[in-house]
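Q: My questions will all concern the structure given below.
Since every read-out is calculated from the coordinates, none of them should be taken as a lab result. The structure displayed is predicted, hence computed values, not measured ones. Glycine gets a Cβ as well: all are built from the backbone with ideal geometry, and neighbour counts include every protein chain shown.
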Amino acid sequence: MLAFTLRRAVQAIGVMFAVGIIAFSMFRFAGDPVNQIVSLDTPAAEREAVRKSLGLDDPVPVQFIRYFGDAAQFKFGVSYQFRQPVSALLMERLPATLELAICATVFAMVCGILMGVYSALRRDTLLAKLFQAVSLIGISLPTFLIGILLIYLFAVTLGWLPSFGRGEVVKLGWWTTGLLTVSGLKALIMPAITLGLFQMTLIMRLVRAEMLEVLRTDYIRFARARGLTTRAIHFGHALKNTLVPVITVAGLQFGSVIAFSIITETVFQWPGMGLLFVQAVQNVDIPIMAAYLLMVSLIFVTINLVVDILYTVVDPRLRSTVGRAT
Amino acid sequence: MSDAVASNADKQSKLPTHAARSWFSRALDSDVFYSFRRSKLTMVAAAITLLFFLLAIFASWLAVQNPFDPAQLQLINSRISPLWTADGQSPFLLGTDEQGRDVFSAILYGMRISLAVGVAGVIFAGVLGIGLGLIAGYFGGAVDSVIMRIADVQLTFPAILIALLVNGVAKSVLGNRLDATSMLVVLVISIGLSFWVGYARTVRGSVMVEKNKDYVAAAQLIGLPAPKIMLRHVLPNAMGPILVIATINLALAIITEATLSFLGVGLPDTMPSLGTLIRIGNNYLFAGEWWIVAFPGIALAGLILSINLLGDWLRDALNPKLR
Amino acid sequence: MTAPVLSVRNLEVEFATRRATLRAIDGVSFDIAKGEVLGVVGESGAGKSVTGLAVIGLIDPPGRITGGEILLSGTRIDHLPPEEIRRIRGKRIGMIFQDPLTSLNPLYRVGEQIIETIRTHTNLSESAARKRAIDLLAEVGIPAPEKRIDGYPHEFSGGMRQRVVIALALCAEPELIIADEPTTALDVSVQAQIIALIKRLGRDHGTAVMLVTHDMGVIAETCDRVAVMYSGRIAEIGPVQEVVQNPLHPYAKGLMGAIPTLAGEEKRLVQIPGSMPRLSAIPKGCAFNPRCAFAFAQCHVERPEPIPQGTQAVACHLFEAAKEPAA
Amino acid sequence: MSVRRSLFAATTIAILACASLPASAQTLRYANQGDLKSLDPYSLNESTTHAHLGHVYQGLTARDKDLKIIPALAESWETPEPTRWRFHLRKGVKFHNGDPFTADDVLFSADRVRNKNSNMQTRLAPDVKVVKVDDYTVDFILPSPNPILHNAWDVWYIMDKKWAEANNAVEPTPVSATSPSYAALHENGTGPFTIESHQPGVKTVFKANPNYWGKVDGNLKEIIFTPIASDATRVAALLSGEVDVIEPVPIQDIARVDASPNAQVLKGPELRTIFIGFDMVRDELLYSNIKGKNPFKDVRVREAFYKAIDVELIKTRVMRGLSTPSALMIAPELFALSKDFTRPKFDPDGAKKLLTEAGYPDGFEVTMDCPNDRYVNDAAICQAVVGMLARIGVKINLLAQPKAQYFAKVLKQGGYQTSFFMLGWTPSTMDSHNVMNDIMGCRDNPKSSRGEANLGGYCNKEFDALTDKVLVETDTAKRNQMIKQAYEIANKDWAYIPLHQQALAWGVSKKVNLPQRADNLVMFHWATKKD
């Protein structure tokens, strides 16, 4: 168990290193950072001075090592556009993205599992077919289009929900939350649904497929032969076994949710990391882009690790053995 | 995005693989056709998908103009509403956009690009995934764990982020030489790199099953190259699941292309795909020029919906346990 | 005379497929008395397992019982509503499946699964149920049951798991246990122990046992009576000694010839040529006719019905006429 | 446990109660496409930032609603000699922290704005000496006359020397710094508003300054600024009444906003001129199928391109009427004699003929560089141009890119890597000299900054000579004549194809009264909001 965890951790560090190289090389060579710092009419000599002060004239390996050393200490430099440390900016935006991603995931899990279980147990009912239809539409419509349609319907036409932003936020230490105010909660509804819809669809389909498969297993047949109630079989045995792989996938999907928030945050002007990233891409704000990539990778890798470990906790079969085969 | 596909693939790979019957004969097996005929929805979906493919292939014969040729666009014809509305004008069936581009023609040509990018991306992903899956399964050991670890990591990175990365790298490498053609290639590569894992896992699973079978040893004994033999046995077995993954991936690839266009890293506006058309048209929604976004949107949703329906049906039809 | 624990009369089970409706069980009748062990033997696909599932009411769509009756201690149970047959399952009829490795839910502790079953069928409290579970585990021969009860299925060996499965089937002291090939998936060394256990438990509790197997050796060792099935019908039924020593049906003869004897005498095994027909292609008349060395004209036309022959009953035209008993 | 829980509940209710207070009438919510990045007034030379900080900081001069230069922190000024400007400072002005405003602050600001980390160095040439005469008088001593010295000073905001020194913010934040300067996150100006909170990219809250020295026309007590980059979301926010003012309104949504019951669009011409240019320097174009020569060196080709573009059609179709076709490279508001110029007529046949005469009867191929997120409908304009040129046989490969990539490629630091391009220009001095010097002057002398933004490399020595004369000429009438003469030369050379001045479009709630300024700076101290 410990060896397994350690091996996974080492692999995670390897992944981070690879991502670091990609991030560094990609953003080091995409566009000229100096252009972003100085105004258009700055003379060439001053441009050179800026280049030097940023260390952009050092050999590339030196730049890379310096970059990596700083990144390991969560020092990502200063944003070219905001003239603030990137880590502070990211930290400021992190709560918004995490709150959105968590709410979207909760929405996706709750609705997805309920709908999936229902459509597995009552395969031929009208409602199950409706769920199937909804899930197909959820998979077939691009996120940005759903967001725009929701805004058009609920914000502009009906005027029920705000079209952008987080509403009023409350500070809890360094964390800001929109979950404690009415306007914050209202502002959360549409972005969370938009972001969670795709995951909900995935989870619903996964739950349905897994559940159908579990219902065909021998232990379910045996549970029926033991005379257990349908309820106990469906919600005690089948659901628990269904949820093991579902939770894994949902956990891994959390990374996607965070990355997909790039689109949702852009549409809803949600002040999170994704929006910061998009703005950084538009403004070639290299430190932010690189930091975002590393940060998101770190979240992914951490989730991966946690899910791996969690998996062994949830599934007793894996507890005593070394790990699941990949 | 790719996770569910992969987990589908996992499930697929867990299926008992039948003896090495050719995939083709199995696909043509009357069971599959029976379930096809039984489901009206699937038939409709297949008809729509086929129709879209045909429309895309024969776009140049069906369109009233070539929307990619600026000389054929008349600014004076811009923003005409669809034919059946009060301000409609022939021959612009579905109206025109800001540049005087006929929306119907643009949809046909755009669909051609979306489908081309999707199909090419899926093929690229398939070749890459099948190749890596074969290698991982055949060699096992360190090679296997390296490839599968990459696959694991890859799975957590959503396609859109990978595509953005590939695009970014391409932009910095190609810089200003990035024209429409190379952009197409970049899109195909981005999509290919995002979706290979499903195939790799499926094929690897099949190889693992086949590797230990006697015929491989026997083939080796009589001097036949084992990889070749296995290829001949593994691929037909894995073809069903691969086809399912490919179908679902095609839909995802088209959405990914559209999303990349939304984020402004797709094809240039002078060569709009369906996604680009929607991004552009979306700007005119509040202005009441709904047809610029609505028809491409309906076409895209209809296309993806049909492909997804086909994929669902195919998955159920090829998976005897689900029947 | 009391009613037999299980009485099956002219049972018919059909599976509706898209091409045709297949009859998997076609007019099967037998009884099992209290404390009796009935072996059901036959090749794969002969309808042994389906018969077992039909008795316990677990035939899933597209299959269904289309005829005949099943009586449990004199009461019909084949047409009960789902909730009532559920109450019978596990309480009055216990079932043991082929593969102990997959019969237990891997995510629940063994004890949880036993206690859950006990409490479904009795009013015992949690602690009482737990105590009973430990007793049951002890009874099926699991060492240190008070410890092992909190183990997960994967922590048990195959044989131990099958013992747990048997304990589960015994939870509510059922009148009848259906054991569907309970040893096939186990090591040879463990098989005998499990068979012995089933037999002992049946005897100790006075439970009737329906033992489905394709292993004649097991039948010979364990059962009081045996039913030989072929293509959804009973070819021959009778006391185990009789059927083994003196099989009447040509098919049964073939089967008995397949029992290796421990004595090690070089008696040549009789092979039955050909294989059992698929359900979709059962020949007219006697289903066995294409493989039967003694088939004559009538066999291709008329289906034989079971005919009592002493303590046995056999479905073969040879005995109708009772002309030339086979050697 | 239960005590803690009820405490928590009480706190929650209290927070909810506070948070759901409705915005008061005198709170104005404003959304802009762009962001307020740094509060340091010298760290970014960008108009939206100038507008935001203009509520907080002030320059020696200001511009009124019609862009006329008016006194601000300087009450008056004179030029005793052409090379010496004397500014008389306003007395009794206090910075937001209470420090008095004096000549020392002007001297400090003059040094700071010319610091190497400043992004606003062009506001004051390095060889200008700034001399304190007394506490409320400052002299600027110039090496040569400059009649437009103070033209861009409305956005050279004066900072508090004492405050900056106390907070270690004497220099603007260096780009390589690992922590931001105090001045990037805090403000201490003299203006009518103070900043209560500032989260870059999220929200900035301005509060009325109760101790403001001047009279404020508007009635706002609070401004809440949110950047909203997405066009559709920004418009939706205005339509649903979540914000009171948005800038810009995409032109296709103007009708929709005007039709809504609670908002309207303030329109007006902007001072930015959108134009098309050619590479006239290289002997062979970088991106063309013509090898060995540069077709754009031939004046007939340039004339043909000019005449092939139907700017009126672009106006009606792409710009929906919201543009002013321009014959000059400067907006008519900024040059008194503009009306003397008319745009040559759209003449595709003539263009085709010219092209044939120049030796390109079948046209040729060239790549056009175009931004797609910088100007109003920029990519759409370029596409329209591509279509129009296609009709005279010229095949344009359009490379429309986000401004970051676009500028990196076509500007000086990118090596002017373009053959054919579209650009927009607003002279920061609101004067023709900037246009003539920066975008039309020869760039053949690497030591001079002349022609730095002259992407096409148009070069005419006669024109440059006039540019130099214009800089030092103090007689307005004479000066205008010189400028006119210069523009005539450039037009005769078909140096550039000016297209139009785009329109301003601000979406404003009907509850708000807001004057619009042609330089697109949204200034809320003139705004009033009623219930």
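Q: Given a cut-off of under 8 Å on Cα pairs at least six residues apart, what relative contact order in percent is computed for chain D?
A: Numbers: 1081 pairs, mean separation 100.4, N = 531.
Relative contact order for chain D comes out at 19 percent.
Q: If you don't mind, there's one more thing I want to ask. Rg to Rh for the protein assembly as shown: what is it, with Cα atoms only and Rh by Kirkwood? Walk me through the intermediate numbers first.
A: Numbers: Rg = 41.2 Å, Rh = 37.8 Å.
On the Cα set of the protein assembly as shown, Rg over Rh gives 1.09.
Q: Explain nothing, just compute: Karplus ³J(HN,Hα) = 6.51 cos²θ - 1.76 cosθ + 1.60, θ = phi - 60°, for every residue of region A:155-171 in order, whole Hz, x for Gly and Pro.
A: 9, 7, 6, 8, x, 7, 10, x, 8, 8, x, 9, x, 6, 10, 10, 8
Q: Only Cα pairs under 8 Å and at least 6 apart count here; give the relative contact order of region C:66-141 as a rounded whole percent. Please report the intermediate quantities before stating the final value.
A: On the way: 29 pairs, mean separation 13.1, N = 76.
Rounded, it is 17 percent for region C:66-141.
Q: For chain A, compute Rh as the Kirkwood radius over C-alpha pairs and then the Stokes-Einstein diffusion coefficient at 37 °C and 0.692 mPa s; write the answer in µm²/s, rounded to an integer. Intermediate values should be presented prior to the final figure.
A: Working: Rh = 22.5 Å.
Using the Kirkwood radius from Cα pairs, D works out to 146 µm²/s.
Q: Which links in D:Lys91/D:Lys162; D:Lys267/D:Lys530; D:Lys65/D:Lys162; D:Lys339/D:Lys461; D:Lys307/D:Lys469 stretch past 23 Å when you go from one Cα to the other? Don't skip to the end; give the middle numbers.
A: On the way: D:Lys91/D:Lys162 17 Å; D:Lys267/D:Lys530 21 Å; D:Lys65/D:Lys162 32 Å; D:Lys339/D:Lys461 26 Å; D:Lys307/D:Lys469 32 Å.
Long pairs (Cα-Cα over 23 Å): D:Lys65/D:Lys162; D:Lys339/D:Lys461; D:Lys307/D:Lys469.
Q: Two decimals is fine: what is log10 I(q)/I(0) at q = 0.16, 0.21, 0.26 Å⁻¹ for region D:183-245, from a Debye sum with one equal scatterer on every Cα and no solvent?
A: With no solvent term, the Cα-only Debye profile gives -0.65, -0.93, -1.10.
Q: Kirkwood hydrodynamic radius, region C:81-240, all distinct C-alpha pairs: what's the number in Å? Please list the in-between numbers first.
A: On the way: mean 1/r = 0.0617 Å⁻¹.
Mean inverse Cα-Cα distance, inverted, gives 16.2 Å.
Q: Sticking with this one: Which number comes out as Rg/Rh for region A:171-297 once both Rg and the Kirkwood Rh are worked out on C-alpha atoms?
A: Working: Rg = 20.6 Å, Rh = 17.7 Å.
Ratio value, two decimals: 1.16.
Q: Return the FRET efficiency for the residue pair B:Phe139, B:Arg232: r is the Cβ-Cβ distance, R0 is 25 Å, and the value is rounded to the nearest 0.05. Provide the component values of the computation, followed by the final result.
A: On the way: r = 18 Å, r/R0 = 0.73.
In this case the efficiency is close to 0.85.
Q: Rounded to the nearest 20 Debye, what is the dipole magnitude of the protein assembly as shown about its Cα centre when Lys and Arg each give +1 and Asp and Glu each give -1 at the C-beta?
A: Roughly 2140 debye for the protein assembly as shown.
Q: Note down the nm distance, to one decimal, between modelled labels 7 Å out along Cα→Cβ at A:Phe17 and at A:Thr125.
A: Once both label points are built, they end up 5.5 nm from each other.
Q: If you place +1 on the Cβ of every Lys and Arg, -1 on the Cβ of every Asp and Glu, and leave all else neutral, what size is the dipole of region A:122-231 about its Cα centre, to the nearest 20 Debye?
A: Working: 13 positive and 5 negative charges, 96 e Å.
Dipole of region A:122-231, to the nearest 20 debye: 460 debye.
Q: Something else about it: Once both labels are modelled 7 Å past Cα along the beta-carbon direction, what's the C:Glu155-D:Lys345 spacing in nm?
A: 9.8 nm
Q: Regarding region D:28-172, what are the three Cα extents along the principal axes, ordered largest first, in Å?
A: Taking max minus min along each principal axis of the Cα atoms, region D:28-172 gives 46, 36, 31 Å.
Q: Convert 20 °C to kelvin, take the viscosity as 1.002 mPa s, use the Kirkwood radius over C-alpha pairs of region B:207-264 as Rh, and evaluate the Stokes-Einstein diffusion coefficient in µm²/s, rounded to a whole number. Don't jump to the answer; show the numbers that get you there.
A: Working: Rh = 13.9 Å.
The diffusion coefficient I find is 154 µm²/s.
Q: Determine the distance separating the Cα centre of region D:407-425 from the Cα centre of region A:89-130; give it in Å without decimals.
A: Value for the Cα centre distance between the two parts: 48 Å.
Q: Between region D:34-57 and region D:177-230, how far is it from one alpha carbon centroid to the other, in angstrom?
A: Between the Cα centre of region D:34-57 and that of region D:177-230, the gap is 10 Å.
Q: In addition: In units of 2.2 N^0.38 Å, what is the alpha-carbon radius of gyration of region D:330-477? Before the final figure, lay out each step's value.
A: Values: Rg = 17.3 Å, N = 148, 2.2 N^0.38 = 14.7 Å.
Compactness ratio reported: 1.18.
Q: What is the log10 of I(q)/I(0) for region D:157-305, computed with the Debye formula using one identical point scatterer on each Cα and no solvent, at q = 0.11, 0.15, 0.16 Å⁻¹?
A: Reported log10 I(q)/I(0), two decimals: -0.79, -0.96, -1.01.
Q: Reported to two decimal places, what Rg/Rh ratio describes chain C when computed on Cα atoms with Rh from the Kirkwood expression? Don't skip to the answer; put the middle values down first.
A: On the way: Rg = 20.5 Å, Rh = 20.7 Å.
My calculation of the ratio gives 0.99.
Q: Give or take rounding to whole Å, what are the principal axis extents of the alpha carbon atoms in region D:93-137, in descending order?
A: 29, 24, 12
Q: Further, regarding this structure: For helix D:348-357, report the angle its Cα long axis makes with the longest principal axis of the Cα atoms of chain D; keep it between 0 and 90° and round to the nearest 10°.
A: 50 degrees
Q: Could you give the nm distance between label points at C:Gln241 and D:Asn289, where each point is 7 Å from its Cα heading toward the beta carbon?
A: Result: 10.5 nm between the two label points.
Q: Same structure, new question: Using only Cα atoms, what is the ratio of the radius of gyration of region A:186-261 to 2.2 N^0.38 Å? Write out the running numbers ahead of the final one.
A: Values: Rg = 15.9 Å, N = 76, 2.2 N^0.38 = 11.4 Å.
Output field value: 1.40.
Q: Still on this model: Under a point-charge model restricted to the Cβ atoms of Lys and Arg (+1) and Asp and Glu (-1), what is the dipole moment magnitude of region B:48-141 relative to its Cα centre, in debye to the nearest 20? Before the final figure, lay out each step's value.
A: On the way: 3 positive and 5 negative charges, 45 e Å.
It works out to roughly 220 debye.
Q: As I understand it, the value is the acute angle between the Cα axis of helix C:110-121 and the longest principal axis of the Cα atoms of chain C; what does it come to in degrees, rounded to 10?
A: 80 degrees
Q: Moving on to the next point. Pairing the Cα long axis of helix C:158-170 with the longest principal axis of chain C, what angle in degrees results, from 0 to 90 and rounded to the nearest 10?
A: In chain C, helix C:158-170 runs at an angle near 90 degrees to the longest axis.
Q: Over chain D, with a single point scatterer placed on each C-alpha, what log10 of the ratio I(q)/I(0) does the Debye formula yield at q = 0.06, 0.11 1/Å?
A: Results for chain D at q = 0.06, 0.11 Å⁻¹ read -0.33, -1.05.
Q: Please express the Cα-Cα pair-distance distribution P(r) of region C:66-129 as a list of whole percents, one per 10 Å bin, running from 0 to the bin with the greatest distance.
A: Spelled out per bin, shortest first, that is 17, 39, 32, 12, 1.
Q: Related question: Which value, in Å³ per residue, describes the convex hull spanned by the Cα atoms of region B:226-308? Don't jump to the answer; show the numbers that get you there.
A: On the way: hull volume 8.9 nm³, N = 83.
Each residue corresponds to 108 Å³ of Cα convex hull volume.
Q: While we're on this one: What number, in percent, do you get for the relative contact order of region D:116-155 if the mean sequence gap of Cα pairs under 8 Å and at least 6 apart is divided by its residue count? Mind showing how you got there, number by number?
A: Details: 23 pairs, mean separation 12.9, N = 40.
RCO, region D:116-155: 32 percent.
Q: Sort out for me the Cα centre separation of region A:49-70 from region B:212-254, rounded to whole Å.
A: After rounding, the separation between the Cα centres reads 48 Å.
Q: Further, regarding this structure: What number, in nm² with one decimal, is the all-direction average of the projected area of the convex hull of the alpha-carbon atoms of region C:12-71?
A: Computed as one quarter of the Cα hull surface, the answer is 4.5 nm².
Q: Hey, got the Cα dimensions of region A:121-221 along the principal axes, in Å, largest first?
A: Taking max minus min along each principal axis of the Cα atoms, region A:121-221 gives 53, 36, 20 Å.
Q: Using a 10 Å cut-off around each Cβ, can you sort A:Met204, C:Met276, B:Met43 from fewest to most neighbouring Cβ atoms? List each step's numbers first, then the result.
A: Details: A:Met204 27, C:Met276 20, B:Met43 14.
Fewest to most other Cβ atoms nearby, the residues stand as B:Met43, C:Met276, A:Met204.
Q: Let's test the formula: R0 of 30 Å, r as the Cβ-Cβ distance of C:Ser44 and A:Arg231. What FRET efficiency results, to the nearest 0.05? Write down the numbers at each step before the final one.
A: Working: r = 35 Å, r/R0 = 1.16.
Using R0 = 30 Å, I get an efficiency of 0.30.
Q: If the viscosity is 1.306 mPa s and the temperature 10 °C, what translational diffusion coefficient in µm²/s does Stokes-Einstein give for region D:356-430 when Rh comes from Kirkwood over Cα pairs?
A: Working: Rh = 13.4 Å.
The diffusion coefficient I find is 119 µm²/s.
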